[in-house]
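The block underneath contains the structure these notes are about, expressed in C-alpha cells.
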Amino acid sequence: MLLLSVLKDVDYKLISGDLNKEITSVEYDSRKVSVGSLFVCVQGFTVDGHSFTSKACEKDASAIVVDSSREGFPKEELEALTEQYGVCVVEIEDTHKHLADLCANFYEHPERRLAVFGITGTKGKTTTAFMLREILEKSGRYPGLIGTVCNIIAGKKTHAAHTTPESRDLFEMMDTLTRFGSEDLVMEVSSQALKLDRVRGITYRTAAFTNLYEDHIAPNEHPDMEDYISCKLRIFDSCETGILNSDCDAAERVKEYCKDKVKLVTYGIDNEADFVARNLRPERRGHVTGTVFTLDSEYYNCDIFVALPGKFNVYNALCAICSAVSEGIDIEVIKDALAGISVPGRMQPVENDFGVNILVDYAHNAAALESVLDTLKEYTAGRIITVFGCGGNRARTRRFEMGEVSGNMSDYTVITSDNPRNEEPGAIIDDIITGISKTEGKYEIEPDRSKAIKLAIDMAEEGDTVLIAGKGHEDYQIFADKTIHFDDVEHARTAVTEREGRA
C-alpha cells in the first residue's frame, strides 16, 4: 500500500522525502521494522520511539512518522535521514492516538467487517468473554477472542502481553480474523486501552460494563477513580447496544452517561433489570461444581446451570446472555454453552474420581482470595485446603494480607512459592507466615510448588475442596536466574493421576 493511502484522513505535514512510498507494514517497535515498513515514533512512559529513528532507517524502513510534540529531533536532523537513507518523514499530532488510524487504513478497516463485542469493568471481563465466545461457537460461528488470558485468532492461541493489545497488534489480529472468514470478535477492553486510544475507531455490536472497584490507581495508569471510570465510560461512545450490571455501584453513572445516546440492556440479581437471576443454588454435576439459577426476563424464563461456582459467575453469565440474546441466539444454545464452560485459571476444575473439588484460580491478592474462599464455603461439604504463594518484587503487604485471609477462611493452608523473581522464596514465605500466624489457621510449608500441589491433593478427602490459588492461567514460574514452564492445572492433573493409580 502507498504511504498516501496509509495517511488517508489523517492530518499530516511532510517534512522530507517522497510520499509515493510503498509500505509493507506499520510498526511502532523498531525491532520489528523490516524492508518497506512505516515506523511510527510513539512517546511512551519510559521510552521515546524517536530515539530509534536511525535504527529503523538502517533496517530499510520506507517512511517515518514523528510526533509534532516531540522533544529534540529537529527538522534538519530528520531531513538528514532522508538524504542518507531515502526515507520519507512526515509529522502528525499525537502519534500514539493516530497509530490506530494508520493501522486501520493499512489493514483496510477490518473493524468494519467484524461484529465486535466489547467487555469492560474491573472484574469479570475474562470469564464473561470466554462465556460469550463459547455461546457464539455453539451457535455455529467462529469468533476470535482477545483478552487477559490469551488471544485466540483464526483457531490459534497466543500469549497476551496486555488485556487489550496496542492498536497496531489489534488491527493486525482483526485483519487475520477476517481473512480466516470470521465475522465476530469478543474482546476485553481495559481502561488503559480506552484511555490510550488503542481501540480508537472501533464500533461495538454490544459494549458491556460489568462492575467498578478501586483498582489501577497509579502514576502510569489512572491518577484517581474519576479518571478510571471516565475512561471506562468511553466504551459507550461507539456502540450499538450497551449492557450494564444494574447491581454495580457505578450503575446510575453509566445510565446517565448513556441517556438519549445508547440503548441499555440491564442485568442483575439484587435489583430489578431486564435480565434477572433468581433462586441461586449450588449444584454439582459429575466432576463439575456450578450454580443453577432461574433466568427471569421478557424473552425467557428458565433454569440455567453455569459450570462455575459463585454469585460473581452468575453475574458473568448474565452479561454473556444479554449479548447473546441481542444477537438472536436461541436459549437452548446459551444453556448448553454455559453448562460446559471452562475458563483457564478462573475457578478451573480438575477432574478426579475421589470426590474432591479441585480448582485452579488466579486469585493473587487478599481481596480476590477472600472472595473465592467465601464462595467455596457454600459449595464445600468438608474442608477447604488452600495452596498459595506470593510473587517476588511486589508489595510485601500482599503477603501478610493473603496469609491472614487464608488462615481465617481455610481449614488448612499449604504455603509455597509463586513467582519469586529476584527475591528469596524463603523470605516471601516468612512474610506469609507472619500474616497467617495472626490466625488460628493450620498450615504447613512446602516451597516446591509442584510438591505443594501434590501434598494438598493427597490429603484431601471426599467432600473437600482444594484451591490452588495465585497463578491461574500462567504457564510459567519466574526465578532470579531462570523462567521455567509451570502450569498449576498440569501439575494438579499429574497429582490426581498418581493418586488414582495408587487407589
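The values are calculated or read from the model by the stated rules, or taken from the named source; none is laboratory data. Since the model is a prediction, treat every value here as computed from it, not as a measurement. We place every Cβ from the backbone using ideal geometry, glycine too, and count neighbours over all the protein chains shown.
Among the numbered conditions (1) of a type outside the set (S, T, N, Q); (2) assigned to a strand (DSSP E or B); (3) under 24 Å from His159 (Cα atoms), the only one that Phe305 does not meet is (3). If you go through the range 328-344 and pick out every residue that is closer than 28 Å to Asn151 by Cβ and assigned to a helix (DSSP H, G or I), you end up with 7. Determine whether Gly144 is touching a helix residue (DSSP H, G or I) at 6+ places or on another chain (Cβ under 9 Å) and at positive phi. Judged against the criteria, Gly144 is not a match.
All conditions but one from (1) closer than 20 Å to His162 by Cβ; (2) in a helix (DSSP H, G or I); (3) of a type outside the set (Lys, Arg) apply to Glu252; the one that does not is (1).
For Ile468, indicate whether it is in contact (Cβ under 8 Å) with a residue 12 or more places away in the chain, assigned to a helix (DSSP H, G or I) and surrounded by 13 or more Cβ atoms within 10 Å (Cβ to Cβ). Criteria not met by Ile468.
Tell me the residue from Gly403, Gly501, Gly435, Gly470 that is at pLDDT below 95 and under 29 Å from Ala381 (Cβ atoms), please. Give the derivation first.
Values: Gly403 fails: at pLDDT below 95; Gly435 fails: at pLDDT below 95; Gly470 fails: at pLDDT below 95.
Of Gly403, Gly501, Gly435, Gly470, the one residue that is at pLDDT below 95 and under 29 Å from Ala381 (Cβ atoms) is Gly501.
Selection of the range 438-465 for residues being surrounded by fewer than 21 Cβ atoms within 10 Å (Cβ to Cβ), charged (D, E, K, R) and either farther than 21 Å from Glu378 by Cα or out of contact with any Lys or Arg (no Cβ under 8 Å at 6 or more places or on another chain) (or both) yields Lys438, Glu440, Lys442, Glu444, Glu446, Asp448, Lys451, Asp458, Glu462. Candidates are the residues of the range 194-239 that are in a strand (DSSP E or B) and crowded, with 17+ Cβ neighbours inside 10 Å; the one that is modelled with the lowest pLDDT is His222. Of the residues making up the range 401-417, at least one is out of contact with any helix residue (DSSP H, G or I) (no Cβ under 8 Å at 6 or more places or on another chain), without any contact (Cβ under 8 Å) to a residue 60 or more places away in the chain and not in a strand (DSSP E or B).
Kindly evaluate Asn313 against the criterion of being farther than 20 Å from Thr126 by Cβ, modelled with pLDDT of 95 or more, touching a strand residue (DSSP E or B) at 6+ places or on another chain (Cβ under 6 Å) and not assigned by TED's automatic domain parsing to the domain that holds Gly355.
Taking the combined requirement at face value, the residue does not satisfy it.
Total residues in the range 16-47 satisfying the condition of being in contact (Cβ under 8 Å) with a residue 12 or more places away in the chain, among the β-branched types (Val, Ile, Thr) and surrounded by fewer than 19 Cβ atoms within 10 Å (Cβ to Cβ): the figure is 2. Out of the residues in the range 177-206 that are within 19 Å of the chain's Cα centre (by Cα) and among the polar types (S, T, N, Q), which is nearest to Asn220 (Cα to Cα)? Out of the qualifying residues, it is Gln192.
Filter the range 378-400 down to residues that are assigned to a loop (DSSP other than H, G, I, E, B), charged (D, E, K, R) and at pLDDT below 95 and give me whichever is surrounded by the fewest Cβ atoms within 10 Å (Cβ to Cβ).
Ranking the candidates gives Arg396 first.
Residues in the range 435-444: is at least one assigned by TED's automatic domain parsing to the domain that holds Val405 and in a helix (DSSP H, G or I)? Yes: one or more hits.
Conditions tested, residue by residue: (1) polar (S, T, N, Q); (2) in contact with a Gly (Cβ under 7 Å, 6 or more places away or on another chain); (3) farther than 20 Å from Ala129 by Cβ; (4) outside the structural domain of Ala368 (by TED's automatic domain parsing).
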position: Gly147; (1), (2), (3), (4): no, no, no, yes
position: Glu166; (1), (2), (3), (4): no, no, no, yes
position: Ile202; (1), (2), (3), (4): no, no, no, yes
position: Phe209; (1), (2), (3), (4): no, yes, no, yes
position: Asn220; (1), (2), (3), (4): yes, no, yes, yes
position: Pro223; (1), (2), (3), (4): no, no, yes, yes
position: Leu233; (1), (2), (3), (4): no, no, no, yes
position: Glu240; (1), (2), (3), (4): no, no, no, yes
position: Val254; (1), (2), (3), (4): no, no, no, yes
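Which residues, taken from the range 345-364, are in a loop (DSSP other than H, G, I, E, B) and either buried (at least 20 other Cβ atoms within 10 Å of the Cβ) or at positive phi (or both)? Selection gives Gly345, Arg346, Met347, Asn352, Gly355, Val356, Tyr362, Ala363, His364. Could you check the range 33-55 and list, in sequence order, the residues that are over 15 Å from Leu102 (Cβ atoms) and either among the aliphatic types (A, V, I, L, M) or not in a strand (DSSP E or B) (or both)? Of everything in the range 33-55, those that are over 15 Å from Leu102 (Cβ atoms) and either among the aliphatic types (A, V, I, L, M) or not in a strand (DSSP E or B) (or both) turn out to be Ser34, Val35, Gly44, Phe45, Thr46, Val47, His50, Ser51, Phe52, Thr53, Ser54, Lys55. The condition of being farther than 22 Å from His98 by Cβ, among the charged types (D, E, K, R), surrounded by 19 or more Cβ atoms within 10 Å (Cβ to Cβ) and more than 11 Å from the chain's Cα centre (by Cα) holds for only one of Lys123, Lys138, Lys157, that being Lys138. Selection of the range 1-41 for residues being touching a strand residue (DSSP E or B) at 6+ places or on another chain (Cβ under 8 Å) and among the small types (Gly, Ala, Ser) yields Ser16, Gly17, Ser25, Ser30, Ser34, Gly36, Ser37.
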